[in-house]
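The values are calculated or read from the model by the stated rules, or taken from the named source; none is laboratory data. Bear in mind the structure is a predicted one, so any value in this text is a computation, not a measurement. Note that each Cβ is placed from the backbone with ideal geometry, even for glycine, and that neighbours are counted across all protein chains shown. Each accessible area value is taken on the protein alone, full model and side chains, heavy atoms only, with ligands, DNA and RNA left out. Shrake-Rupley method; radii C 1.70, N 1.55, O 1.52, S 1.80 Å.
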Amino acid sequence: MTEPTSSEFVGIDIGGTKVAGVRIARDGKVLERSRSFTPAEPEKFLEAAHEAADALRTEGVAAVGLGLAGLVRWPEGVFAWGPHVAGTGVPARDEMSELVGLPVVVDNDANLTAYAEAVAGAGQGYDHIVLVTLGTGIGGGIVINGEIYRGASFAGEFGHMTMRAEGPSCACGRQGCWETLASGPALARFAKEAVAVDPNSLFARRYPDPSSEDVIAAVRAGDATAFALVERVGRWFGLGLSTLITALDPDIVIVGGGLGSVGESLIDPARRAVQATLHGAPHRQPPPIVGAALGPDAGAIGAALLARDTVEVPTT
(Lines give C-alpha, C1' and ligand atoms only; values in the text may rest on other atoms or scores of the structure.)
Protein backbone atom coordinates (compact mmCIF):
# COMPACT_ATOMS: atom_id res chain seq x y z
CA MET A 1 0.00 0.00 0.00
CA THR A 2 1.27 3.48 -0.88
CA GLU A 3 1.39 6.20 1.74
CA PRO A 4 1.22 9.97 1.27
CA THR A 5 4.66 11.60 1.30
CA SER A 6 3.25 14.48 3.38
CA SER A 7 0.74 14.09 6.15
CA GLU A 8 0.19 17.50 7.75
CA PHE A 9 -2.00 20.43 6.75
CA VAL A 10 -2.14 24.09 7.76
CA GLY A 11 -5.36 26.08 8.11
CA ILE A 12 -5.55 29.87 8.39
CA ASP A 13 -8.72 31.82 9.24
CA ILE A 14 -8.74 35.59 8.70
CA GLY A 15 -11.66 37.28 10.41
CA GLY A 16 -12.65 40.83 11.23
CA THR A 17 -10.27 41.08 14.20
CA LYS A 18 -8.05 37.97 14.34
CA VAL A 19 -5.88 35.64 12.29
CA ALA A 20 -6.12 32.09 13.66
CA GLY A 21 -3.95 29.25 12.44
CA VAL A 22 -3.56 25.53 13.08
CA ARG A 23 -1.45 22.65 11.85
CA ILE A 24 -3.16 19.27 11.87
CA ALA A 25 -2.14 15.67 11.30
CA ARG A 26 -3.85 13.58 8.64
CA ASP A 27 -6.15 12.13 11.30
CA GLY A 28 -7.33 15.65 12.18
CA LYS A 29 -5.44 16.01 15.45
CA VAL A 30 -4.37 19.60 16.06
CA LEU A 31 -0.59 19.70 16.43
CA GLU A 32 -0.01 23.43 16.79
CA ARG A 33 -2.02 26.66 17.01
CA SER A 34 -1.26 30.33 16.41
CA ARG A 35 -3.12 33.61 16.80
CA SER A 36 -2.47 37.21 15.79
CA PHE A 37 -4.43 40.36 14.99
CA THR A 38 -5.91 41.10 11.58
CA PRO A 39 -3.60 43.67 9.93
CA ALA A 40 -4.42 47.33 10.37
CA GLU A 41 -4.28 47.64 6.56
CA PRO A 42 -7.04 45.19 5.57
CA GLU A 43 -5.75 44.88 2.00
CA LYS A 44 -2.67 43.09 3.40
CA PHE A 45 -4.67 40.01 4.42
CA LEU A 46 -2.68 37.65 2.18
CA GLU A 47 0.61 38.81 3.69
CA ALA A 48 -0.85 38.12 7.14
CA ALA A 49 -2.01 34.68 6.01
CA HIS A 50 1.46 33.96 4.58
CA GLU A 51 3.15 34.94 7.84
CA ALA A 52 0.75 32.74 9.85
CA ALA A 53 1.26 29.78 7.51
CA ASP A 54 5.05 30.12 7.60
CA ALA A 55 5.02 30.19 11.40
CA LEU A 56 3.21 26.82 11.44
CA ARG A 57 4.87 25.14 8.49
CA THR A 58 7.04 22.01 8.75
CA GLU A 59 8.54 19.75 6.11
CA GLY A 60 5.54 17.46 6.47
CA VAL A 61 2.95 20.06 5.42
CA ALA A 62 1.28 19.12 2.13
CA ALA A 63 -1.25 21.93 1.60
CA VAL A 64 -2.77 25.04 3.12
CA GLY A 65 -6.41 26.01 3.61
CA LEU A 66 -7.45 29.65 3.94
CA GLY A 67 -10.73 31.06 5.22
CA LEU A 68 -11.81 34.62 4.43
CA ALA A 69 -14.70 36.66 5.81
CA GLY A 70 -16.54 37.53 2.62
CA LEU A 71 -17.65 36.27 -0.77
CA VAL A 72 -15.31 33.61 -2.16
CA ARG A 73 -15.77 31.99 -5.56
CA TRP A 74 -15.41 28.22 -5.35
CA PRO A 75 -13.30 26.40 -6.45
CA GLU A 76 -11.24 29.21 -8.03
CA GLY A 77 -10.60 30.74 -4.60
CA VAL A 78 -11.20 34.30 -5.81
CA PHE A 79 -12.07 36.72 -3.02
CA ALA A 80 -14.90 38.67 -4.63
CA TRP A 81 -15.64 41.12 -1.80
CA GLY A 82 -16.20 41.34 1.93
CA PRO A 83 -17.39 43.97 4.39
CA HIS A 84 -14.58 43.27 6.87
CA VAL A 85 -11.63 42.35 4.58
CA ALA A 86 -10.45 44.80 1.91
CA GLY A 87 -10.17 43.91 -1.76
CA THR A 88 -12.33 42.91 -4.71
CA GLY A 89 -11.69 40.18 -7.24
CA VAL A 90 -8.47 39.07 -5.49
CA PRO A 91 -7.16 35.70 -6.84
CA ALA A 92 -6.44 34.62 -3.27
CA ARG A 93 -5.89 30.92 -3.98
CA ASP A 94 -3.32 31.49 -6.72
CA GLU A 95 -1.52 34.32 -4.93
CA MET A 96 -1.39 32.42 -1.63
CA SER A 97 -0.13 29.29 -3.39
CA GLU A 98 2.67 31.33 -4.96
CA LEU A 99 3.59 32.82 -1.59
CA VAL A 100 3.77 29.50 0.29
CA GLY A 101 4.84 27.25 -2.59
CA LEU A 102 2.15 24.68 -1.80
CA PRO A 103 -1.36 23.80 -3.02
CA VAL A 104 -3.96 26.08 -1.41
CA VAL A 105 -7.75 25.95 -1.06
CA VAL A 106 -9.71 29.10 -0.19
CA ASP A 107 -13.28 29.31 1.06
CA ASN A 108 -15.58 31.50 3.12
CA ASP A 109 -14.61 31.36 6.79
CA ALA A 110 -18.07 30.36 8.03
CA ASN A 111 -18.25 27.53 5.48
CA LEU A 112 -15.02 26.23 6.96
CA THR A 113 -16.29 26.54 10.52
CA ALA A 114 -19.39 24.58 9.50
CA TYR A 115 -17.21 21.92 7.86
CA ALA A 116 -15.07 21.58 10.98
CA GLU A 117 -18.09 21.21 13.23
CA ALA A 118 -19.62 18.65 10.84
CA VAL A 119 -16.47 16.56 10.61
CA ALA A 120 -15.06 16.87 14.11
CA GLY A 121 -17.43 18.88 16.31
CA ALA A 122 -21.04 19.33 17.37
CA GLY A 123 -22.42 18.28 13.97
CA GLN A 124 -21.03 14.76 14.01
CA GLY A 125 -23.79 12.26 13.31
CA TYR A 126 -26.08 14.76 11.56
CA ASP A 127 -26.76 14.88 7.82
CA HIS A 128 -28.21 18.39 7.43
CA ILE A 129 -26.31 21.03 9.39
CA VAL A 130 -26.70 24.80 9.59
CA LEU A 131 -24.01 26.74 11.39
CA VAL A 132 -24.32 30.41 12.29
CA THR A 133 -21.34 32.36 13.58
CA LEU A 134 -21.83 35.46 15.73
CA GLY A 135 -18.94 37.88 15.99
CA THR A 136 -18.06 41.11 14.20
CA GLY A 137 -20.91 40.11 11.88
CA ILE A 138 -23.01 37.02 11.23
CA GLY A 139 -21.66 34.29 9.02
CA GLY A 140 -23.21 30.99 8.07
CA GLY A 141 -22.52 27.65 6.53
CA ILE A 142 -24.55 24.67 5.36
CA VAL A 143 -23.23 21.10 5.29
CA ILE A 144 -25.33 18.39 3.65
CA ASN A 145 -24.24 14.76 3.90
CA GLY A 146 -20.68 15.81 4.66
CA GLU A 147 -20.38 18.34 1.80
CA ILE A 148 -20.37 22.13 2.04
CA TYR A 149 -23.35 23.59 0.21
CA ARG A 150 -22.23 26.74 -1.60
CA GLY A 151 -24.95 27.27 -4.20
CA ALA A 152 -23.33 28.94 -7.20
CA SER A 153 -20.57 30.06 -4.75
CA PHE A 154 -21.97 32.43 -2.14
CA ALA A 155 -24.61 30.49 -0.15
CA GLY A 156 -24.63 31.05 3.59
CA GLU A 157 -24.49 34.85 3.80
CA PHE A 158 -27.25 34.73 6.38
CA GLY A 159 -26.13 37.89 8.16
CA HIS A 160 -27.30 40.03 5.26
CA MET A 161 -30.92 38.92 5.23
CA THR A 162 -33.00 42.07 5.75
CA MET A 163 -34.65 41.88 9.16
CA ARG A 164 -35.84 45.46 9.60
CA ALA A 165 -36.52 47.74 6.65
CA GLU A 166 -34.72 51.06 7.10
CA GLY A 167 -33.00 49.61 10.17
CA PRO A 168 -29.44 50.25 11.36
CA SER A 169 -26.74 50.73 8.74
CA CYS A 170 -24.69 47.64 7.94
CA ALA A 171 -21.02 47.34 6.98
CA CYS A 172 -22.21 45.92 3.64
CA GLY A 173 -23.72 49.29 2.73
CA ARG A 174 -27.39 48.38 3.21
CA GLN A 175 -29.74 48.80 6.17
CA GLY A 176 -31.48 46.47 8.57
CA CYS A 177 -29.40 43.34 7.91
CA TRP A 178 -29.69 40.57 10.50
CA GLU A 179 -26.15 41.22 11.75
CA THR A 180 -27.04 44.83 12.63
CA LEU A 181 -29.40 43.42 15.26
CA ALA A 182 -27.62 40.25 16.40
CA SER A 183 -23.80 40.54 16.50
CA GLY A 184 -21.00 41.95 18.62
CA PRO A 185 -21.41 45.51 17.28
CA ALA A 186 -25.19 45.27 17.76
CA LEU A 187 -24.70 44.24 21.38
CA ALA A 188 -22.32 47.18 21.92
CA ARG A 189 -24.81 49.59 20.32
CA PHE A 190 -27.66 48.34 22.53
CA ALA A 191 -25.39 48.68 25.57
CA LYS A 192 -24.52 52.29 24.75
CA GLU A 193 -28.23 53.02 24.37
CA ALA A 194 -28.87 51.49 27.81
CA VAL A 195 -26.13 53.64 29.38
CA ALA A 196 -27.63 56.78 27.80
CA VAL A 197 -31.09 55.90 29.16
CA ASP A 198 -29.87 55.13 32.70
CA PRO A 199 -26.38 56.57 33.30
CA ASN A 200 -26.67 55.91 37.04
CA SER A 201 -27.14 52.17 36.77
CA LEU A 202 -24.46 49.86 38.15
CA PHE A 203 -23.70 48.70 34.60
CA ALA A 204 -23.32 52.30 33.35
CA ARG A 205 -21.02 53.24 36.23
CA ARG A 206 -18.81 50.23 35.52
CA TYR A 207 -18.91 50.59 31.74
CA PRO A 208 -19.58 54.21 30.70
CA ASP A 209 -18.60 53.42 27.08
CA PRO A 210 -19.34 49.68 26.85
CA SER A 211 -18.04 47.30 24.21
CA SER A 212 -19.51 43.90 23.44
CA GLU A 213 -16.65 42.36 25.44
CA ASP A 214 -17.68 44.49 28.43
CA VAL A 215 -21.24 43.18 28.19
CA ILE A 216 -20.02 39.59 28.01
CA ALA A 217 -17.80 40.15 31.07
CA ALA A 218 -20.76 41.70 32.92
CA VAL A 219 -22.96 38.71 32.05
CA ARG A 220 -20.37 36.38 33.51
CA ALA A 221 -20.33 38.57 36.63
CA GLY A 222 -24.13 38.26 36.94
CA ASP A 223 -25.11 41.83 35.96
CA ALA A 224 -28.87 42.08 35.31
CA THR A 225 -28.58 44.84 32.68
CA ALA A 226 -26.05 42.80 30.73
CA PHE A 227 -28.32 39.75 30.83
CA ALA A 228 -31.17 41.87 29.44
CA LEU A 229 -28.94 43.17 26.64
CA VAL A 230 -27.81 39.68 25.66
CA GLU A 231 -31.42 38.47 25.78
CA ARG A 232 -32.40 41.28 23.40
CA VAL A 233 -29.73 40.19 20.94
CA GLY A 234 -30.79 36.57 21.51
CA ARG A 235 -34.38 37.33 20.52
CA TRP A 236 -33.27 38.98 17.29
CA PHE A 237 -30.96 36.06 16.68
CA GLY A 238 -33.83 33.62 17.18
CA LEU A 239 -36.06 35.47 14.71
CA GLY A 240 -33.41 35.03 12.03
CA LEU A 241 -32.91 31.38 12.97
CA SER A 242 -36.65 30.81 12.62
CA THR A 243 -36.45 32.01 9.01
CA LEU A 244 -33.49 29.74 8.30
CA ILE A 245 -35.14 26.71 9.88
CA THR A 246 -38.34 27.33 7.93
CA ALA A 247 -36.39 27.54 4.67
CA LEU A 248 -33.81 24.79 5.22
CA ASP A 249 -35.26 22.38 7.83
CA PRO A 250 -31.86 21.27 9.19
CA ASP A 251 -31.26 18.41 11.62
CA ILE A 252 -29.29 20.72 13.91
CA VAL A 253 -28.34 24.40 14.23
CA ILE A 254 -24.88 25.10 15.62
CA VAL A 255 -24.00 28.51 17.04
CA GLY A 256 -20.35 29.59 16.94
CA GLY A 257 -18.21 32.70 16.92
CA GLY A 258 -17.03 35.00 19.69
CA LEU A 259 -20.51 36.14 20.71
CA GLY A 260 -21.83 32.59 20.45
CA SER A 261 -19.41 31.67 23.23
CA VAL A 262 -21.68 33.55 25.65
CA GLY A 263 -23.69 30.33 25.68
CA GLU A 264 -27.12 29.74 27.12
CA SER A 265 -27.80 33.37 28.08
CA LEU A 266 -27.93 34.07 24.33
CA ILE A 267 -29.00 30.69 22.93
CA ASP A 268 -31.94 30.16 25.29
CA PRO A 269 -33.84 33.35 24.25
CA ALA A 270 -33.06 32.41 20.63
CA ARG A 271 -34.69 29.01 21.17
CA ARG A 272 -37.76 30.67 22.68
CA ALA A 273 -38.03 33.06 19.73
CA VAL A 274 -37.79 30.13 17.31
CA GLN A 275 -40.50 28.22 19.16
CA ALA A 276 -42.77 31.28 19.11
CA THR A 277 -42.33 32.12 15.41
CA LEU A 278 -41.44 28.94 13.53
CA HIS A 279 -43.85 28.04 10.74
CA GLY A 280 -46.09 25.17 11.88
CA ALA A 281 -44.58 25.23 15.37
CA PRO A 282 -47.47 23.36 17.06
CA HIS A 283 -47.01 20.47 14.64
CA ARG A 284 -43.25 20.09 14.41
CA GLN A 285 -40.21 19.82 16.62
CA PRO A 286 -37.58 22.54 16.08
CA PRO A 287 -34.07 21.20 15.57
CA PRO A 288 -31.66 21.35 18.49
CA ILE A 289 -29.85 24.69 18.71
CA VAL A 290 -26.47 24.10 20.34
CA GLY A 291 -23.17 25.82 20.89
CA ALA A 292 -20.21 24.97 18.69
CA ALA A 293 -17.72 22.46 20.08
CA LEU A 294 -14.39 23.49 18.55
CA GLY A 295 -14.00 27.02 19.92
CA PRO A 296 -12.36 30.03 18.26
CA ASP A 297 -10.06 27.90 16.09
CA ALA A 298 -12.91 26.11 14.30
CA GLY A 299 -12.50 28.11 11.07
CA ALA A 300 -8.79 27.37 10.90
CA ILE A 301 -9.42 23.69 11.67
CA GLY A 302 -12.01 23.58 8.91
CA ALA A 303 -9.55 25.18 6.48
CA ALA A 304 -6.96 22.53 7.27
CA LEU A 305 -9.52 19.72 7.03
CA LEU A 306 -10.77 20.97 3.66
CA ALA A 307 -7.20 21.12 2.39
CA ARG A 308 -6.72 17.54 3.59
CA ASP A 309 -9.92 16.35 1.94
CA THR A 310 -9.63 18.15 -1.41
CA VAL A 311 -5.92 18.40 -2.31
CA GLU A 312 -4.35 15.40 -4.00
CA VAL A 313 -1.18 14.53 -2.12
CA PRO A 314 1.61 12.61 -3.91
CA THR A 315 2.14 9.06 -2.67
CA THR A 316 5.25 6.94 -2.46
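Inside the stretch 9-18, residues that are touching a Gly at 6+ places or on another chain (Cβ under 7 Å) and either open to solvent by 20 Å² or more (accessible area, probe 1.4 Å) or acidic (D, E) (or both) make up a count of 2. Scan the stretch 19-42 for residues that are among the aliphatic types (A, V, I, L, M) and open to solvent by less than 30 Å² (accessible area, probe 1.4 Å) and the total you get is 5.
Remark: pairs (first residue in the stretch 128-156, touching a residue at least 60 places away in the same chain (Cβ under 8 Å) and basic (K, R); second residue buried (at least 24 other Cβ atoms within 10 Å of the Cβ) and in a strand (DSSP E or B); Cβ separation under 7 Å; 6+ apart in sequence or on different chains) are absent. Taking the criterion of being of a type in the set (K, R) and either under 20 Å from G256 (Cα atoms) or in a loop (DSSP other than H, G, I, E, B) (or both), would at least one residue in the stretch 68-85 satisfy it? Among the residues of the stretch 68-85, not one is of a type in the set (K, R) and either under 20 Å from G256 (Cα atoms) or in a loop (DSSP other than H, G, I, E, B) (or both), which makes the answer no. Contact map, the stretch 264-288: residues that are farther than 17 Å from H128 by Cβ paired with residues that are open to solvent by less than 70 Å² (accessible area, probe 1.4 Å) and among the charged types (D, E, K, R), Cβ distance under 7 Å, separation 6+ or inter-chain. Pairs shown: P269/E231. Scanning the stretch 238-286 for residues that are in a strand (DSSP E or B) and modelled with pLDDT of 95 or more yields a total of 4. Within the stretch 210-257, the set of residues being open to solvent by 10 Å² or more (accessible area, probe 1.4 Å), among the β-branched types (V, I, T) and either under 21 Å from the mean Cα position of the chain (by Cα) or closer than 20 Å to C177 by Cα (or both) comprises I216, T243, T246. Within the stretch 10-36, the only residue that satisfies the criterion of being assigned to a strand (DSSP E or B), more than 24 Å from T136 (Cβ to Cβ) and basic (K, R) is R23. So, F45, is that one open to solvent by less than 20 Å² (accessible area, probe 1.4 Å), at pLDDT 95 or above and touching a Pro at 6+ places or on another chain (Cβ under 9 Å) or not? Taking the combined requirement at face value, the residue does not satisfy it. Of the residues making up the stretch 265-316, those that are small (G, A, S) and more than 30 Å from E8 (Cα to Cα) are S265, A270, A273, A276, G280, A281. Select from the stretch 87-141 the residues that are within 21 Å of D249 (Cβ to Cβ) and in a strand (DSSP E or B) and list them in ascending order. If the condition is that a residue be within 21 Å of D249 (Cβ to Cβ) and in a strand (DSSP E or B), then H128, I129, V130, L131, V132, T133, I138, G139, G140, G141 are the ones that fit. Inside the stretch 161-183, residues that are surrounded by fewer than 18 Cβ atoms within 10 Å (Cβ to Cβ) and in a strand (DSSP E or B) make up a count of 3. When G263 is tested against (1) open to solvent by 60 Å² or more (accessible area, probe 1.4 Å); (2) of a type outside the set (S, T, N, Q); (3) under 19 Å from G222 (Cα atoms), only condition (1) is not met.
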